[in-house]
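Novice: Below is a structure I'd like to ask you about.
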Amino acid sequence: MADALQVSPSYLNLIERNQRPLTAAILLRLADRFDFDPRRLAGTAPGGGAEALRRRLADPLFADLGIDRATIADWIAAAPDAAEAFARAFDRLDRVVDAPVTDAISAVRQEIERWRNHFPDLDAQAEALADELRLVSGDLYGAMAERLRVKHQLSLRILPVDVMPDKLLRLDLHARQLQLSELLDPSSRTFAAAFQLAQLEAQTEIEALVAGAGFVDRAGERLYRRHLNSYFAAAIMMPYARFLRACEATGYDIGLLQRRFGAGFEQIAHRLTTLQRVGARGLPFFMLRIDRAGQSSKRYAGASNSPLVATDARCPLWDVHRAFEQPGSIVRQTVALEDGSCWFTLARTVRPRSERQGSIGAQFAVGLGLEASMASTLVYAQGQDLTAGAAMPVGLGCRACLRPDCSQRSAPPSGRVLTFNERERGVTPFAFASD
């Protein structure tokens, strides 16, 4: 093994005993020689690794401690068992505080982020299936409908809304039909057919992933299974290699990608967070979806490790909220966090394509982002100043933000003592001690 990794046996022994770091060069040789995804090693790191511990320490409970990345790295190296103990205690406290459903969602999110929202086996299988379907027909929806009919004895049927008034999809095993509402637009119908194929043809691989996650309740298992089926469906619609080539050729032009792959804006945005195949990586995007109240219903950090999606708290100065003022338009912004990181972000509103006249007009904002230093190749970054000096200073919610001069502040930071001066008044009503 030492020969294969081009190191001495004694150095390899030191690595195995945690007395030498596993460098990037050795990690790449490991991946190349032994054909595995190096990210799988991250799951064995104390507390899930430095980034996972940093996300926990971003909780407002620790806002006054000022623990930086270097301190976390030193902690893991010097006392890995203590770091793991902290992570377990923090996660258990989260489970005690949260309601059971919220706890299941949190557990699923942690498992997705452990994989960085990239499941290579599912991608490879979906890509092979997509290529097979392309040989049958240039019409993906028609090819999937034919495969469901011939191989699985399931027919696709579009039903009028008065026949299926409160459902968008129904699997009728008695009639051997996958019934879709006429309210679904073409991209949603294609996704529904692909989702059904995932349930039928990727069941073994998906069940192995669900079992490996070790959820403590059925709700977590079902949510995770649904995510994996959706992942497989998206990978059929947007096969990895073809999709990545299209992204790079178009500068990640989402509008063009939508037309080329017959997908919706939100489907494309989600797919962009998954492009982390070893040897063929895309840009490391994060994604979130929020409503007008700022509540998130989706958030994926992917490989970005961005603090912007680590918690549900957000800064009102981040223009993802302004997308609601310009429905259907893409809002671009470069933002700088207190830790010095700089992010290029874009956001656009989306509406469910299944709305009826007179129904509640739901609307969400989908946000995408990546480190500003990586954004220069994007069509959306043309003409944008990506330097930190031009970025909007934002925080991770008022309770975790220590910027003293923010006029938008709605609450003081956690763990800081409020100060008062009857003779002066600053830009914020919440003056606080610096330490």
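What follows is calculated from the coordinates using simple rules that are stated; it is not laboratory data. Quantities reported herein were computed from a predicted structural model and do not represent experimental measurements. Reconstructed Cβ throughout: ideal geometry from the backbone, glycine too, with neighbour counts over all protein chains shown.
Novice: Give me the net charge for the shell around R409: Cβ to Cβ below 15 angstrom, other residues only, Lys and Arg +1, Asp and Glu -1.
Specialist: +3
Novice: I would also like to ask the following. If you take every residue apart from A202 with its C-beta less than 14 Å away from the C-beta of A202, what net charge results, scoring Lys and Arg +1 and Asp and Glu -1?
Specialist: On the way: positive: R147, K151, R225, R226; negative: D121, D123, E127, E132, E201, E205, E207.
Net charge around A202: -3.
Novice: How large, in Å, is the stretch 302-342 by the Kirkwood hydrodynamic radius built from its alpha-carbon pairs?
Specialist: This gives a value of 11.8 Å.
Novice: Now, a different point. Could you give the Stokes-Einstein D for the stretch 303-435 in µm² per second, using the C-alpha Kirkwood radius, 37 °C, 0.692 mPa s? Please report the intermediate quantities before stating the final value.
Specialist: Working: Rh = 16.8 Å.
Once the numbers are plugged in, D ends up at 195 µm²/s.
Novice: Sum up the charges of everything whose Cβ sits under 15 Å from the Cβ of G294, counting Lys and Arg as +1 and Asp and Glu as -1, but leave G294 out.
Specialist: Here the count lands on +3.
Novice: Going by a ≥ b ≥ c, the root eigenvalues of the Cα gyration tensor, does the stretch 109-191 fall in the rounded group (a/c under 1.5), the prolate group (a/b larger than b/c) or the oblate group?
Specialist: Details: a/c = 2.14, a/b = 1.35, b/c = 1.58.
Note, shape of the stretch 109-191 comes out oblate.
Novice: Anything in the chain that counts as a DSSP H helix reaching 27 Å or more along its axis (C-alpha) with Kyte-Doolittle mean of at least 1.6? List them, would you?
Specialist: Answer set is empty.
Novice: Same structure again: Just how large is the dipole of the chain about the Cα centre, in debye to the nearest 20, putting +1 at every Lys and Arg Cβ and -1 at every Asp and Glu Cβ?
Specialist: I would put it at about 720 debye.
Novice: Also: With r defined as the distance between the Cβ atoms of D81 and R114 and R0 fixed at 22 Å, what FRET efficiency is calculated, to the nearest 0.05?
Specialist: 0.65
Novice: Output the Cα-based Rg and Dmax of the stretch 101-252 in Å, rounding Rg to one decimal and Dmax to a whole number.
Specialist: My reading of the Cα-based Rg and Dmax gives 16.5, 47 Å.
Novice: Also, I was wondering about something else. For labels at R176 and D74 in the simple 7 Å Cα→Cβ model, what's the distance in nm?
Specialist: Placing both labels 7 Å beyond Cα along the Cβ direction yields 6.9 nm.
Novice: Quick one: if you stick a label point 7 Å off each Cα along the C-beta vector at V427 and S106, how many nm between them?
Specialist: 3.4
Novice: May I ask you to work out the translational diffusion coefficient for the stretch 49-190 at 20 °C, viscosity 1.002 mPa s, via Stokes-Einstein with Rh from the Kirkwood sum over Cα pairs, reported in whole µm²/s?
Specialist: In µm²/s, the coefficient is 107.
Novice: Under the definition of Cα pairs under 8 Å and six or more residues apart, what whole-number percent is the relative contact order of the stretch 221-361?
Specialist: Relative contact order for the stretch 221-361 comes out at 12 percent.
Novice: Rounded if a/c is under 1.5, else prolate if a/b beats b/c, else oblate: with a ≥ b ≥ c from the C-alpha gyration tensor eigenvalues square-rooted, which is the stretch 265-378?
Specialist: It comes out prolate by the Cα gyration axes.
Novice: So what is the diffusion coefficient of the stretch 231-300 in µm² per second by Stokes-Einstein at 4 °C and 1.567 mPa s, using a Kirkwood Rh over Cα pairs?
Specialist: 103
Novice: Across the stretch 407-419, in residue order, what do the Karplus-derived ³J(HN,Hα) couplings come to in whole Hz, using 6.51 cos²θ - 1.76 cosθ + 1.60 with θ = phi - 60° and x for Gly and Pro?
Specialist: 6, 8, 4, 10, 7, x, x, 5, x, 10, 7, 6, 10
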